[in-house]
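Have a look at the structure below before the remarks.
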Amino acid sequence: MLQDKAVFEMLSLAQDLGVEELRLACEDHVTSTLSPLNACTFLAAAMETQERASGKDYLGPLIPFIFLE
């Protein structure tokens, strides 16, 4: 089971290791659970992961949810 705070770290590992099923599961978790209520949690996790894995954009899908309300 994926956790909101760790999903981007798992996504990064899945991409680096070429584990397509895990990558898809991570992306599905984000797209199916992302809401205005948890967008900041996802944003913080994405920013931490992006700092460690430079060059990967995890923030794009989160921006609309942060400014909805």
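Of the residues 11, 34, 22, which is of a type outside the set (D, E, K, R), buried (at least 16 other Cβ atoms within 10 Å of the Cβ) and at pLDDT 90 or above?
It is 22.
Tell me, which residue of the range 32-50 that is without any contact (Cβ under 8 Å) to a residue 24 or more places away in the chain and more than 10 Å from the chain's Cα centre (by Cα) is nearest to residue 15 (Cα to Cα)?
Among those residues, the one meeting the criterion is 32.
The values are calculated or read from the model by the stated rules, or taken from the named source; none is laboratory data. From a predicted model like this one, the values you see are computed outputs, not experimental measurements. Cβ atoms come from the backbone with ideal geometry, glycine included; neighbour counts cover every protein chain shown.
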